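Can you read through this structure? Questions will come right after.
Please treat every number below as a calculation from the coordinates, not as lab data. Note that the structure is predicted; figures quoted are calculated from it, not measured. We place every Cβ from the backbone using ideal geometry, glycine too, and count neighbours over all the protein chains shown.
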Amino acid sequence: MSETRILQVADDEMKEAVSEACALLRAGEIVGIPTETVYGLGADAFNPEAVAKVFAAKERPSFDPLIVHIASRGDLKNVAIVPAEIADTVNKLTAEFWPGPLTLILPKHPDVPDLVTSGLATVAVRQSAHPVFRAMCKELGRPIAAPSANRFGRISPTSASAVMKELEGRIPLIVDAGACSEGVESTIISIEPREGKKPIFRLHRAGPITKEQLQAFGKVEKVREIKADAPQAPGQLASHYAPLTPLTLLEKPSDFQPVEGKKYGLLSYTGDDEGAYVGLHDWEIIESLSPGSGKLAEAAIRLFYVMRLLDEAGLDEIIAEPVSETGLGVAIMDRLRRASFRS
């Protein structure tokens with residue numbers, strides 16, 4: 001097991017940190033990198049041996065594709081081939097949402113290794129808004145393949161310390177730029193053109209760019225059928241983002257039937273003492289997504305942090321209350337459902 005270093009980044013020393021991280025990437029190593037969504041585990045996307053290290057460190061199955069990150073909109077042509085019939089839509093979406101947490105699934109460029117896309121003819125691509133990640137993409141001069149920096153299927157990391165807990169000894173460096181500003185992974189869509197009408201956006205994963213925002217540019221439809229061993233986009237497996245402690249998502253308070261002797265913790269939306277879920281049980285611990293205020297943006301930022309706190313609390317089971325499935329609530333409920341999935 002090798003040593004993992006954490007390199008903290010301040011504004012006045014970002015250049016040095018970026019240079020050190022990029023030197024490792026050029027040497028075929030993998031690095032924990034901050035993004036606005038969650039911390040990523042980055043590798044040179046054009047280096048198959050480096051990409052293989054990402055799969056190995058995460059214990060990620062080779063059939064689950066990675067997202068490729070580019071430095072600028074102009075770099076899209078290096079990793080994807082945009083069909084003429086959707087070129088205008090792609091231009092509009094990237095002008096509106098890049099840099100930012102929107103991932104597009106497009107036909108892949110031949111230079112992208114098959115390992116990155118799990119053999120698919122498409123590539124998932126985005127431009128991160130995080131200044132450190134953007135600086136690294138620019139200095140490296142090549143796209144960076146980066147899934148979340150955690151062991152496969154586990155809680156996504158939103159801080160450098162969470163990456164260390166997941167991957168200590170498996171990677172040489174984590175670039176620490178503080179907590180992530182969004183807290184949930186990017187929205188993923190593919191585009192289906194329609195003659196004379198707005199295109200259809202197939203929503204493969206809900207995220208910070210909401211259905212309501214996308215509807216200004218096309219019709220949004222959720223992807224329903226997902227093959228367990230052949231996902232068409234990252235983050236599609238039924239069981240994902242999961243703590244080691246079993247997690248149960250309630251649809252309504254009456255669904256909770258405690259077993260005597262078990263220790264339960266509550267993942268609450270607001271933690272309100274008057275709420276329907278807080279008063280259900282004498283909980284060992286209550287952690288709130290948006291204490292007292294019930295703001296979905298705050299809940300999204302805190303989701304994986306709170307899940308990790310509960311996972312480390314010595315509980316027998318985590319009980320999660322639902323949030324409203326509007327706006328960011330769709331992405332939050334998606335993560336909670338996957339975290340609670342039991343095959």
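7 Å from Cα along Cα→Cβ at both A297 and S324: what's the point-to-point distance in nm?
Here the modelled spin labels are 1.5 nm apart.
Can you put Y269, Y39 in order, fewest other beta carbons within 10 Å first?
Numbers: Y269 25, Y39 31.
Fewest-to-most ranking of Y269, Y39: Y269, Y39.
Given H placed on each backbone N at 1.01 Å, which residues far from L173 in sequence or on other chains put an amide H within less than 5 Å of it?
Placed amide hydrogens put R5, G32 under 5 Å from L173.
Can you tell me the dipole magnitude for the chain around its Cα centre, using point charges on the Cβ only (Lys, Arg +1; Asp, Glu -1), in Debye to the nearest 20? Could you put the intermediate results ahead of the total?
Numbers: 38 positive and 47 negative charges, 239 e Å.
The dipole of the chain has a size of about 1140 debye.
Let me ask something else about it. Can you put D282, D316, D64 in order, fewest other beta carbons within 10 Å first? Numbers along the way, then the final one.
Details: D282 7, D316 13, D64 21.
By the 10 Å Cβ count, ascending, the order reads D282, D316, D64.
While we're on this one: Separation between the D273 and E49 pseudo-spin-labels, each 7 Å from Cα along Cα→Cβ, expressed in nm?
Computed distance between label sites D273 and E49 equals 6.2 nm.
First obtain the Kirkwood hydrodynamic radius of the stretch 211-343 from its Cα pairs, then insert it into the Stokes-Einstein equation at 4 °C and 1.567 mPa s, and state the resulting D in µm² per second as a whole number.
Values: Rh = 15.8 Å.
Result for D is 82 µm²/s.
Which GluC sites (Glu not before Pro) in the stretch 121-211 sit in a loop by DSSP (not H, G, I, E or B) and have at most 13 other Cβ atoms within 10 Å of their own Cβ?
Working: sites: E139, E166, E168, E182, E185, E195; in loops: E168, E182, E185, E195.
When the GluC sites (Glu not before Pro) of the stretch 121-211 are filtered for loop state and at most 13 Cβ neighbours within 10 Å, E195 remain.
Fewest Cβ neighbours within 10 Å first, please rank K138, K211 accordingly. The partial results should precede the final answer.
On the way: K138 14, K211 18.
So the ranking, lowest neighbour count to highest, is K138, K211.
Something else now. To the nearest Å, what is the center-to-center distance of the stretch 1-59 and the stretch 244-301, using C-alpha atoms only?
35
Pull out the extension gain between H109 and K222, defined as 0.36 nm times the separation in residues minus the alpha carbon to alpha carbon distance; nm, one decimal. Before the final figure, lay out each step's value.
Values: separation 113, 0.36 × 113 = 40.68 nm, distance 2.59 nm.
Gain on stretching H109 to K222: 38.1 nm.
Now for a different question. Given bins 10 angstrom wide, list per bin the percent of all Cα-Cα distances in the stretch 170-228, short to long.
19, 37, 23, 16, 5, 0
Another question, if that's okay. Taking the Cβ-Cβ separation of I81 and E192 as r and a Förster radius of 22 Å, what is the calculated FRET efficiency to the nearest 0.05? Display every interim value, and only then the final one.
Numbers: r = 16 Å, r/R0 = 0.75.
After rounding to 0.05, the efficiency reads 0.85.
Given S324, A300, Q257, which one lies farthest toward the positive end of the charge dipole of the stretch 247-340, if we put +1 on the Cβ of every Lys and Arg and -1 on the Cβ of every Asp and Glu?
My answer, from the dipole projection, is A300.
State the percent of C-alpha pairs, over all pairs in the chain, separated by a distance greater than 35 angstrom. If you can, show how the numbers build up before the last one.
On the way: 12508 of 58653 pairs.
When all Cα pairs of the chain are counted, 21 percent exceed 35 Å.
Give, in nm to one decimal, the length gained when the segment between Q257 and K92 is fully stretched (0.36 nm per residue of separation minus the Cα-Cα distance).
On the way: separation 165, 0.36 × 165 = 59.40 nm, distance 4.92 nm.
Stretched fully, the Q257-K92 segment lengthens by 54.5 nm.
Show me, for the stretch 111-117, the HN-Hα J-couplings you get by feeding each phi into the Karplus relation (A = 6.51, B = -1.76, C = 1.60, θ = phi - 60°), rounded to Hz, glycine and proline as x.
6, 7, x, 4, 4, 4, 9
Okay, moving on. Give the calculated FRET efficiency between A121 and A10 to the nearest 0.05, with a Förster radius of 30 Å applied to their Cβ-Cβ distance. Before the final figure, lay out each step's value.
Numbers: r = 43 Å, r/R0 = 1.42.
Efficiency for this residue pair is about 0.10.
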